[in-house]
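Have a look at the structure below before the remarks.
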Amino acid sequence: MTAETLSDSSAVSTVHPVDQRLPSGKLAALGLQHVLVMYAGAVAVPLIVGRALKLSPDEVALLISADLFCCGIATLIQALGATQFFGIKLPVMMGVTFASVAPMVAIANANPGQNGAQLLFGAIIGAGVVSILIAPLVSRMLRFFPPVVTGTIIAVIGISLMRVGINWIFGNPVGPTAPALVDPVYAKWLAEVTSPGSSIPAVPKGFAIMPTVPNPKYADLSGFGVAALVLVSILLIVKYAKGFVANISVLLGIVIGAIVATFTGLMTYEKVGKAAWVDIVLPFHFGMPQFDPILILTMTLIMIVVMIESTGMFLALGEMTDRKITQKDLAKGLRTDGLGTLIGGIFNTFPYTSFSQNVGLVAVTGIKSRYVCVAGGVILIVLGLLPKMAALVESLPTVVLGGAGLVMFGMVAATGIRILSGVDFKNNRHNAMIVAVSIGVGMIPLIAPNFKQWMPHAIHSLIESGILLASIAAVLLNLFLNGAKHDEQAVIAAAKHADAH
């Protein structure tokens, strides 16, 4: 062996596994695997929020393209690093956080259409700016978010989102999937009363001018059957498949559901045919954003919870990859969560965080190179520039997404439960009280959505999110009952529990 060969092999051995550059073919294959693992979760949020905003199919498809494009940009910044302030330089894939879905849907329901989009993206941009500024502070706030708090919050997020998946399957008796009709008898009476010179006829029994005609498609058995098939397919793949195929069970279940929906006439492809092959994602598609302080505060509180969760994942990933994570590294990673959110708001998409399923994939595959995620980021950017792909996803019937939604949203709740499984309930009875009361408080907006009717309207958007109420309750109760003790190992253990799926 020559001295030159020895020198080359020694240089390779001194490169940390995180910084290793793999052969191009292997890099592309592993990057695509990361994209497929996160794809179903990544496209679900624009579908949920776009339909809550009552946007046209073309605009929902645009949200999907923008989401994939920004996923790629944020991933490149996080994995490659950008300046001395951004990027933790670990194998991290960035995606839209499900924690933000419930408050975004609440904003969308209260302000549908273009105006709602401007308010929503203004809140996201504002929260992104604030998140960048407070990232160093949040990296020191771990003591306020022990596993009993983060586990409870994530469980409530999953429970809150289950309502979305269930409505995707069955539809709504009155709402986006229901015909907004007034009973024809009542409409006829109203027309007679308001016509000039008419006498006032008798008021019909049960008179109402709000929509009262039930949705004839509610709980339709054919749609229910497709959703059930998607769910069963996912369960069978999880049980009998191995490795990579098992990891993309949700995506495969959606594909099976789409094929069946096509044969039954539930899914058509006209919009895919009309969509362009390539298009550029442009900022501020819905006009200049509107900045509402209360909505910005709401999204900022969500981002604080997201960044605390990211902190745990970064620490766990540092252990998995044998790389020491310093306070400065944490601040850079959390700033990138904020920067990704800021970029998302500018490009008509949503708040970003590191995807836990991809952190779990690092543990499963044992591949520690951050350049795998760089390759994944490039693939996501390319997908974001292909409108036909976004139109295909938008064309999926809600019943197909509903079957997968039960799994995706249920797994969020299960992640919270996994984190709570590492909490000491035996020797510390206060922990059970924190979980019990916080979940109860978080359920108030779900069970009694009009509880806020006598409260000041300015705070409605703040308190109509069960996730925020549960977060505030969990933090305050933990401070009151347990104090603010810092235990980094408990946070790392909780993150590993969360990533083990």
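The values are calculated or read from the model by the stated rules, or taken from the named source; none is laboratory data. Bear in mind the structure is a predicted one, so any value in this text is a computation, not a measurement. Positions of Cβ are generated from backbone atoms using ideal geometry, with glycine treated the same way; all protein chains shown enter the neighbour counts. In case anyone asks, the SASA skips ligands and DNA or RNA and just uses the protein heavy atoms, side chains included. Shrake-Rupley method; radii C 1.70, N 1.55, O 1.52, S 1.80 Å.
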Just one of (1) at pLDDT 75 or above; (2) assigned to a helix (DSSP H, G or I) trips up Ala363, so point out which.
(1)
Of a type in the set (A, V, I, L, M, F, W, C) and over 30 Å from Thr264 (Cα atoms): which single residue out of Val407, Val435 fits that description?
Val435
Would you say Asp19 is touching a Lys or Arg at 6+ places or on another chain (Cβ under 9 Å) and in contact (Cβ under 8 Å) with a residue 60 or more places away in the chain?
yes
Pairs returned, first residue in region 294-310 that is more than 17 Å from Val156 (Cβ to Cβ) and in contact (Cβ under 8 Å) with a residue 12 or more places away in the chain, second residue that is open to solvent by less than 10 Å² (accessible area, probe 1.4 Å) and of a type in the set (D, E, K, R), beta-carbon separation under 9 angstrom, 6 or more apart or interchain, are Met307/Asp337; Ser310/Asp337
Would you point out the residue of region 316-329, among those that are open to solvent by 10 Å² or more (accessible area, probe 1.4 Å) and in contact (Cβ under 8 Å) with a residue 40 or more places away in the chain, that is farthest from Leu119 (Cα to Cα)?
Asp322
I'd like the full set of residues that are in a helix (DSSP H, G or I) and touching a Pro at 6+ places or on another chain (Cβ under 7 Å), limited to region 94-116.
Ser100
Those residues of region 144-171 which are more than 15 Å from Val435 (Cα to Cα), open to solvent by less than 20 Å² (accessible area, probe 1.4 Å) and within 17 Å of the chain's Cα centre (by Cα) amount to Ser160, Leu161, Gly165
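Is it the case that some residue within region 309-319 is more than 22 Å from the chain's Cα centre (by Cα), at pLDDT below 80 and not in a helix (DSSP H, G or I)?
Narrowing region 309-319 to residues more than 22 Å from the chain's Cα centre (by Cα): 318-319.
Remaining after also requiring at pLDDT below 80: 318-319.
When the remaining residues are screened for being not in a helix (DSSP H, G or I), the result is none.
No, the conditions are met nowhere in region 309-319.
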Whichever residue in region 437-454 is modelled with pLDDT of 80 or more and loosely packed, with under 12 Cβ neighbours inside 10 Å and, among such residues, is nearest to the chain's Cα centre (by Cα):
Ile447
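Listed here are the residues, each with its yes/no results for (1) open to solvent by 10 Å² or more (accessible area, probe 1.4 Å); (2) at pLDDT 85 or above; (3) within 14 Å of Val138 (Cβ to Cβ); (4) assigned to a strand (DSSP E or B).
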residue: Ile304; (1), (2), (3), (4): yes, no, yes, no
residue: Leu334; (1), (2), (3), (4): no, yes, yes, no
residue: Thr349; (1), (2), (3), (4): no, yes, no, no
residue: Ile367; (1), (2), (3), (4): yes, no, no, no
How about region 57-91: which of its residues are more than 16 Å from the chain's Cα centre (by Cα) and among the hydrophobic types (A, V, I, L, M, F, W, C)?
Ala61, Leu62, Ile73, Leu76, Ile77, Ala79, Leu80, Ala82, Phe85, Phe86, Ile88, Leu90
Among Leu62, Leu55, the single one that is at pLDDT 80 or above, part of a helix (DSSP H, G or I) and of a type in the set (A, V, I, L, M) is Leu62
Would a scan of region 145-164 turn up a residue that is part of a helix (DSSP H, G or I) and modelled with pLDDT under 70?
no
In region 82-115, how many are surrounded by 19 or more Cβ atoms within 10 Å (Cβ to Cβ) and in contact with a Phe, Trp or Tyr (Cβ under 9 Å, 6 or more places away or on another chain)?
13
May I ask you to list the residues in region 254-279 that are more than 17 Å from Val43 (Cβ to Cβ), of a type outside the set (Phe, Trp, Tyr) and at pLDDT 80 or above?
Ile259, Val260, Thr262, Thr264
Among the residues of region 407-436, write down those that are in contact with a Leu (Cβ under 6 Å, 6 or more places away or on another chain) and either open to solvent by 50 Å² or more (accessible area, probe 1.4 Å) or modelled with pLDDT of 80 or more (or both).
His430, Ile434
Looking at Ala127, Ala135, Ala117 in this structure, which one is among the hydrophobic types (A, V, I, L, M, F, W, C), under 30 Å from Gly422 (Cα atoms) and modelled with pLDDT of 80 or more?
Ala135
